[in-house]
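Heads up: the structure comes next, in structure tokens.
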There are 2 protein chains.
Amino acid sequence: MADRVVIIGAVALGPKAASRYKRLVPSAEVTMVDMSPSISYGGCGIPFYVSGDVSTADELKTTSFHVVRTPAFFETAKGVHVRPSTRAVSLDRQKKEVLVEDLNTGAQDTLPYDKLVIATGSSPRKLPIPGTDLEGVHAVSGLDEAVEIREKIQSGSVSKAVIVGSGFIGLEMAEALSDMWGIDTTVVEITDQLLPGLVSPHLAEMARRDMEENDITFHFGEKVTAMEGEDGRVTKVVTDKRTLDADLVILSVGVAPNDGLARDAGLDVHERGGIIVDDELRTSDPDIYAGGDCVVVKNLITGQPVFLPMGSMANRQGRIIADNLTGRHKKFPGVLGSWAVKLFEIAVSGVGLTMASATRAGFDPVNVHISQLDRAHFYPEKGLMYLDLVVDKKSSKVLGIQGLSIMRDALVGRINAVAAALPFGITVDDLQVMEFAYSPPFSAAMDIVNSAGNVAANVLDGINRGLPPEEFAERWADRESGDICFLDVRADADSGPLAKRLDAPYWKAIPQDELPARMDEVPRGKKLVLVCNTGARSYEAQVMLDAAGIKDSENLQGGMASARMLGTAP
Amino acid sequence: MADRVVIIGAVALGPKAASRYKRLVPSAEVTMVDMSPSISYGGCGIPFYVSGDVSTADELKTTSFHVVRTPAFFETAKGVHVRPSTRAVSLDRQKKEVLVEDLNTGAQDTLPYDKLVIATGSSPRKLPIPGTDLEGVHAVSGLDEAVEIREKIQSGSVSKAVIVGSGFIGLEMAEALSDMWGIDTTVVEITDQLLPGLVSPHLAEMARRDMEENDITFHFGEKVTAMEGEDGRVTKVVTDKRTLDADLVILSVGVAPNDGLARDAGLDVHERGGIIVDDELRTSDPDIYAGGDCVVVKNLITGQPVFLPMGSMANRQGRIIADNLTGRHKKFPGVLGSWAVKLFEIAVSGVGLTMASATRAGFDPVNVHISQLDRAHFYPEKGLMYLDLVVDKKSSKVLGIQGLSIMRDALVGRINAVAAALPFGITVDDLQVMEFAYSPPFSAAMDIVNSAGNVAANVLDGINRGLPPEEFAERWADRESGDICFLDVRADADSGPLAKRLDAPYWKAIPQDELPARMDEVPRGKKLVLVCNTGARSYEAQVMLDAAGIKDSENLQGGMASARMLGTAP
């Protein structure tokens, strides 16, 4: 039990830890300091404030019951002292004191503590290029900067915006600027896909196409080399491939943990940044806890330390730190990295590893891509969901799942369900029997997650040999080679006129249910690419072909549904 | 590996097992028999067909790719023989033969098998009262009967309907008849709440009120004693309390497993019905498998056998049976009992035990009720979610969770997430750190499931002493007794004019943040009922009162939000 608790940082974890600790130990003296005048706000809401969905900045600072979380609010409602506009200069761990500086007056004093909580958060990464200090160039560093951006937009002085980086924030900002304000918006991304590291190239491509239809322009594989301006205001963004006009530039190239204070005080810090904490969120000094964006935590799938700047994690950790300050021993076991982003009408969401990150982490993974309706196909309101399931070949352990759908909450619900089971080391078998609340308005009798498990089992058994959707275009480009034949096994009812139109040696239409009787029509000696709408019948056709001794086939994962989303369907 | 597989029943599990087994063993001879001419249909879609949401009965029989699953379809697309309108009369387990009868011709013959699968499903329970054979009295026994019901409605001959029973099907049928066809619809339920056994009395009451606003009439605690008719057609439903006019009666009083064939053949059957199977879905005869609505399975929370007639379970089991027929050893570990139902604009969903069923199962449970927005409170589109979390006091194990919300997919997603973790024996601690994909359009930074875990932890710690929402009305009825005072801790901004209007000795308004400074205004020597909007600030007020030595308080779980849903808010 600590009498005096000092908390450095008052955005997400800080206020949560402070308020909870005061409830547990009403007699304690709890002080929060923060560099900014704005405290305790929903930083993840910034793009929605910029868009205008959230009308005032104060709304991001209010409680759910419409009270603004000012320093005075914390004083009266929570009994927590707050010192805004105050910088923690250094720690004296021997004396157990924090040296702080009032940023308005420059006055310094010391705050003694029994226990200290470091919740210094993260800061946007900077680009080491000329021109980032021009007016009109912004990071999304906090609420005060967001207010500036919004004022600029509202004044009508922004017509062309360039966003550097295509992570969550970059894409959310792109939607905010384009959709709500009609600003001509371009995203420049140094890697070759959006949401790099978070989704497969094909899910990224589906999302890109959707955003382009919503008037966002993308340039991938381009490095921003400079900003140029006139009269101190930005006018151009220069990349290694082109120059773009811009009167607003948003830099969203990631964030880095604010671990300097801890590092200077001699606490253990990870070599790539982030304070190291144990599973009770204690630093290498037992009187100092840390959490939120300034720490590294254990990735529950790889076992490796990971930096996960998420307001939700900060909130959960804040409560645990408060509990542990009282002498409880609550654990924060680690993270999976669940995430979701709304992009215009679709959601993209995921948890755990992608094929690429799983390979990097030393697994021997396989990616199973499926498309399926999110609920009973006979129910009127429904939508296709596209999922990537990443499993380890040897152990059949589930390593991650990512998806995209217009049925946004339904998608995020599936991701959350898999996430809830992932800490227990589930395998493909577990996914196959996972229980989803079933009723036609909510789910298919075989839920898409069960289906993904079923397909993965077939893939691991070698009886489903899939063609990843992003490779379909290569096969199609090769169609005149004479080595390849597309076997379209859709029923006439749903294959449409395409099969009839494609009177070509490389395209053969035999509905799957007619295949056994028409096996002699199947071209021999060619690689067969089996296609149907979603990949289910092409798999059944593959089984039938195998049984007939025709083994050189591959069936298009996700079928024409996924190919259409990728723009590669003929 | 079985050469000849016979499957009795061809609705959900049968077709799944048959098709999968043929894919795994293309050379096998697989035969399905079913009493009905209609096979392989989405039985759970019947209410949506009756409503007209699904326009034709064939849609419930089609695949997701618009092909009707006729016997011929199974023959050609799956290589499975089907004998519709065929009854399995008896089994000869010695000879490994099924005696079957063609229901059109009366002809009998025998089907030899190496392995047999019993998928005989369930039948609607009958009421042992006079008049159930009148025209216009229906069970929802299958697609053929649903077609009859729909034709009757479409002919315009139905103006008053009575539904007996308020489980899923009863309520879905009530919505179908009232909402889509404008039929005056009354539900008679023998217990004192709707969805009996599935939700708490207060969630049931919230759902009832919502359905009544949608013009459904309910009579609870009433027993139907007879149907009366004229010219062989039903005209009245007689209960122990009243007589209701009716030209359509739907009996939905549950279903019973069709275990007679198995019982007659000497297979182990549970004393309360349902074929007993092991975790590989094998009956007491190793050559006979069974699954779906005709078996009992293990409840993963109680460890007890349970009868769970759900099309989704049947589908998952069908695949496992097919795998095990090949000699694989796939497990079906048991069930949690996840469910969801859409009722007009709201969803009600749950998994695991309720307070009542947990008590019956021998636990010492506590129910934690909370209300919270389903996503960031500053995000424009959002809705309140009402959750009951049932935990075991001693072990803090999570036993079940049920909820209700207008944000339907969001609710079902939360239930599915908890369901995914339940088989691993999670505790309240696990709920508190459960990772939900966070972004303001999908979740609050502290997701409602985390919040439910937090509140449960506080309740188990004794620092949150809640008043269950259904008991608020009792306190309110007692308000003039002089023993009770309601302490309204909402801020002026959101308590509205109520507190001012209620210039009464039993109602005192002190905003929670003013409480420390105004502690001397708190009435002493009375039971304090603390109220706010959702129960969060009333808990904080309770902590403050405790610290001030005022211990006799209880805070209203779910706050005025839940009281309003229950119609008990003053």
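The values are calculated or read from the model by the stated rules, or taken from the named source; none is laboratory data. Note that the structure is a prediction, hence the values are computed from the model and not measured. We place every Cβ from the backbone using ideal geometry, glycine too, and count neighbours over all the protein chains shown. Surface accessibility is based on the protein's heavy atoms, side chains included, excluding ligands, DNA and RNA. Shrake-Rupley method; radii C 1.70, N 1.55, O 1.52, S 1.80 Å.
Would you be able to tell me the number of residues in the stretch A:341-365 that are surrounded by fewer than 23 Cβ atoms within 10 Å (Cβ to Cβ), of a type in the set (Ser, Thr, Tyr) and touching a residue at least 12 places away in the same chain (Cβ under 8 Å)?
1
Which condition does A:Gly167 not pass, out of (1) modelled with pLDDT of 95 or more; (2) out of contact with any Lys or Arg (no Cβ under 6 Å at 6 or more places or on another chain); (3) over 23 Å from A:Phe218 (Cβ atoms), if it passes all the others?
(3)
In the set A:Val348, A:Val341, which member is assigned to a strand (DSSP E or B), touching a Leu at 6+ places or on another chain (Cβ under 7 Å) and at the interface with chain B (Cβ under 9 Å from one of its Cβ atoms)?
On the way: A:Val348 fails: at the interface with chain B (Cβ under 9 Å from one of its Cβ atoms).
Exactly one residue qualifies, and that residue is A:Val341.
For A:Asp3, state whether it is surrounded by fewer than 19 Cβ atoms within 10 Å (Cβ to Cβ), within 11 Å of chain B (Cβ to nearest Cβ) and of a type in the set (D, E, K, R). Let's see the steps before the verdict.
Numbers: surrounded by fewer than 19 Cβ atoms within 10 Å (Cβ to Cβ): yes; within 11 Å of chain B (Cβ to nearest Cβ): no; of a type in the set (D, E, K, R): yes.
No, not satisfied.
Considering (1) surrounded by fewer than 24 Cβ atoms within 10 Å (Cβ to Cβ); (2) in contact with a Ser or Thr (Cβ under 8 Å, 6 or more places away or on another chain); (3) more than 7 Å from every other protein chain (Cβ to nearest Cβ), say which one A:Leu373 fails and leave the rest.
All conditions are met except number (3).
Since A:Ile401 meets every condition but one in (1) without any contact (Cβ under 8 Å) to a residue 40 or more places away in the chain; (2) buried (at least 22 other Cβ atoms within 10 Å of the Cβ), which condition does it not meet?
Of the numbered conditions (1) without any contact (Cβ under 8 Å) to a residue 40 or more places away in the chain; (2) buried (at least 22 other Cβ atoms within 10 Å of the Cβ), the odd one out for A:Ile401 is (1).
Scan the stretch A:324-336 residue by residue and report those that are within 22 Å of the chain's Cα centre (by Cα) and more than 8 Å from chain B (Cβ to nearest Cβ).
A:Gly334
Within the stretch B:432-449, take every residue that is of a type in the set (S, T, N, Q) and farther than 22 Å from B:Pro365 by Cβ and give me the one that is nearest to the other protein chains (Cβ to nearest Cβ).
As a first pass, look at the stretch B:432-449 and keep what is of a type in the set (S, T, N, Q): B:432, B:439, B:443.
After this cut, where a residue has to be farther than 22 Å from B:Pro365 by Cβ as well, the list is B:439, B:443.
Numbers: B:Ser439: 5, B:Ser443: 7 Å.
Applying the filter and picking the extreme gives B:Ser439.
So in the stretch A:10-65, with the set limited to residues that are among the hydroxyl-bearing types (Ser, Thr, Tyr), within 26 Å of A:Leu325 (Cβ to Cβ) and in a helix (DSSP H, G or I), which one is nearest to the other protein chains (Cβ to nearest Cβ)?
Taking the stretch A:10-65 as the starting set, the residues that turn out to be among the hydroxyl-bearing types (Ser, Thr, Tyr) are A:19, A:21, A:27, A:31, A:36, A:38, A:40-41, A:49, A:51, A:55-56, A:62-64.
From what is left, the residues that are within 26 Å of A:Leu325 (Cβ to Cβ) are A:19, A:21, A:27, A:31, A:36, A:38, A:40-41, A:63-64.
Keeping just the survivors that are in a helix (DSSP H, G or I) gives A:19, A:21.
Numbers: A:Ser19: 8, A:Tyr21: 12 Å.
Only one residue fits best here, namely A:Ser19.
Please state which one of B:Asp58, B:Asp92, B:Asp102 is within 30 Å of the chain's Cα centre (by Cα) and open to solvent by 30 Å² or more (accessible area, probe 1.4 Å).
Answer to the selection: B:Asp58.
Grab the helices (runs of 4 or more DSSP H) fully contained in the stretch B:476-570, keeping just those with 1 or more residues being surrounded by fewer than 22 Cβ atoms within 10 Å (Cβ to Cβ), modelled with pLDDT under 95 and of a type in the set (Lys, Arg).
Numbers: elements: B:492-495, B:498-501, B:536-547, B:559-566.
Hits in the stretch B:476-570: B:498-501, B:559-566.
Filter the stretch B:404-431 down to the residues that are open to solvent by 10 Å² or more (accessible area, probe 1.4 Å), more than 8 Å from chain A (Cβ to nearest Cβ) and more than 22 Å from B:Gly334 (Cβ to Cβ) and list them by number.
Correct list: B:Ile406 only.
Can you confirm whether the stretch A:433-446 contains a residue that is among the polar types (S, T, N, Q), open to solvent by 10 Å² or more (accessible area, probe 1.4 Å) and either touching a Lys or Arg at 6+ places or on another chain (Cβ under 9 Å) or within 26 Å of B:Asp447 (Cα to Cα) (or both)? Break it down stepwise before answering.
Just the residues of the stretch A:433-446 that are among the polar types (S, T, N, Q), to begin with: A:439, A:443.
From what's left, open to solvent by 10 Å² or more (accessible area, probe 1.4 Å): none.
The answer is no, given that none of the residues of the stretch A:433-446 is among the polar types (S, T, N, Q), open to solvent by 10 Å² or more (accessible area, probe 1.4 Å) and either touching a Lys or Arg at 6+ places or on another chain (Cβ under 9 Å) or within 26 Å of B:Asp447 (Cα to Cα) (or both).
Regarding A:Val234, is this residue more than 14 Å from chain B (Cβ to nearest Cβ), in a strand (DSSP E or B), within 13 Å of A:Gly121 (Cα to Cα) and not aromatic (Phe, Trp, Tyr)?
Details: more than 14 Å from chain B (Cβ to nearest Cβ): yes; in a strand (DSSP E or B): yes; within 13 Å of A:Gly121 (Cα to Cα): no; not aromatic (Phe, Trp, Tyr): yes.
In short, no.
Being among the aromatic types (Phe, Trp, Tyr), outside the structural domain of A:Pro112 (by TED's automatic domain parsing) and within 28 Å of A:Asp53 (Cβ to Cβ) narrows it down to one of A:Phe344, A:Phe332, so name that one. Give the derivation first.
Working: A:Phe332 fails: within 28 Å of A:Asp53 (Cβ to Cβ).
Being among the aromatic types (Phe, Trp, Tyr), outside the structural domain of A:Pro112 (by TED's automatic domain parsing) and within 28 Å of A:Asp53 (Cβ to Cβ) holds for just one of A:Phe344, A:Phe332, which is A:Phe344.
Can you tell me how many residues in the stretch A:235-278 are of a type in the set (D, E, K, R), free of Cβ contacts under 8 Å to residues at least 40 places away in the same chain and under 18 Å from A:Leu91 (Cα atoms)? Before you say what the answer is, go through the steps one by one.
Looking only at the stretch A:235-278, we keep the residues that are of a type in the set (D, E, K, R), and these are A:236, A:240-242, A:245, A:247, A:259, A:263-264, A:268, A:271-272, A:278.
Adding the requirement that they be free of Cβ contacts under 8 Å to residues at least 40 places away in the same chain leaves A:236, A:240-242, A:263, A:268, A:271-272, A:278.
Right, trim to under 18 Å from A:Leu91 (Cα atoms) and you get A:263, A:268.
Residues flagged as of a type in the set (D, E, K, R), free of Cβ contacts under 8 Å to residues at least 40 places away in the same chain and under 18 Å from A:Leu91 (Cα atoms) within the stretch A:235-278 amount to 2.
Every residue, every condition in (1) free of Cβ contacts under 8 Å to residues at least 60 places away in the same chain; (2) of a type in the set (A, V, I, L, M); (3) open to solvent by 10 Å² or more (accessible area, probe 1.4 Å); (4) over 26 Å from B:Leu13 (Cβ atoms), yes or no:
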| position | (1), (2), (3), (4) |
| --- | --- |
| B:Gln304 | yes, no, yes, no |
| B:Pro309 | no, no, yes, no |
| B:Ala314 | no, yes, no, no |
| B:Arg319 | no, no, yes, no |
| B:Thr326 | no, no, yes, no |
| B:Leu384 | no, yes, yes, yes |
| B:Val391 | no, yes, no, yes |
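Any residue at all in the stretch B:117-137 that's without any contact (Cβ under 8 Å) to a residue 60 or more places away in the chain, surrounded by 13 or more Cβ atoms within 10 Å (Cβ to Cβ) and among the acidic types (Asp, Glu)? I'd like the intermediate steps shown before the answer.
To start, the set of residues in the stretch B:117-137 that are without any contact (Cβ under 8 Å) to a residue 60 or more places away in the chain comprises B:128, B:133.
Then keep just the ones that are surrounded by 13 or more Cβ atoms within 10 Å (Cβ to Cβ); that gives none.
No.
Among the numbered criteria (1) under 30 Å from B:Gly167 (Cβ atoms); (2) open to solvent by 10 Å² or more (accessible area, probe 1.4 Å), which single criterion is violated by A:Ser396?
For A:Ser396, the failing item is (1).
Just to be sure before I move on: is A:Ile169 crowded, with 20+ Cβ neighbours inside 10 Å, within 14 Å of chain B (Cβ to nearest Cβ) and under 31 Å from the mean Cα position of the chain (by Cα) in the structure I sent? Outline the logic, then answer.
Values: crowded, with 20+ Cβ neighbours inside 10 Å: yes; within 14 Å of chain B (Cβ to nearest Cβ): yes; under 31 Å from the mean Cα position of the chain (by Cα): yes.
It is true that A:Ile169 is crowded, with 20+ Cβ neighbours inside 10 Å, within 14 Å of chain B (Cβ to nearest Cβ) and under 31 Å from the mean Cα position of the chain (by Cα).
So which residues in the stretch A:269-297 are closer than 18 Å to A:Lys331 by Cβ, assigned to a loop (DSSP other than H, G, I, E, B) and in contact with a strand residue (DSSP E or B) (Cβ under 6 Å, 6 or more places away or on another chain), if there are any at all?
Within the stretch A:269-297, A:Val277, A:Leu281, A:Thr283 meet the criteria.
Counting only residues that are open to solvent by 40 Å² or more (accessible area, probe 1.4 Å) and in a helix (DSSP H, G or I), which one in the stretch A:72-86 is nearest to the other protein chains (Cβ to nearest Cβ)?
For the stretch A:72-86, the residue satisfying everything is A:Thr76.
Among the residues of the stretch B:294-323, which ones are within 13 Å of chain A (Cβ to nearest Cβ) and aliphatic (A, V, I, L, M)?
Quick first cut of the stretch B:294-323, residues within 13 Å of chain A (Cβ to nearest Cβ) only: B:297-301, B:306, B:308-323.
Matches in the stretch B:294-323: B:Val297, B:Leu300, B:Ile301, B:Val306, B:Leu308, B:Met310, B:Met313, B:Ala314, B:Ile320, B:Ile321, B:Ala322.
Go through the stretch B:202-246 residue by residue and tally those that are of a type in the set (Asp, Glu), in contact with a strand residue (DSSP E or B) (Cβ under 6 Å, 6 or more places away or on another chain) and buried (at least 18 other Cβ atoms within 10 Å of the Cβ).
Residues meeting the conditions: 2.
If A:Val158 satisfies all but one of (1) assigned to a helix (DSSP H, G or I); (2) of a type outside the set (D, E, K, R); (3) open to solvent by 10 Å² or more (accessible area, probe 1.4 Å); (4) touching a residue at least 40 places away in the same chain (Cβ under 8 Å), what's the number of the condition it fails?
All conditions are met except number (1).
What single numbered condition from (1) open to solvent by less than 10 Å² (accessible area, probe 1.4 Å); (2) within 11 Å of chain A (Cβ to nearest Cβ) fails to hold for B:Gly291?
Result: B:Gly291 passes all but (2).
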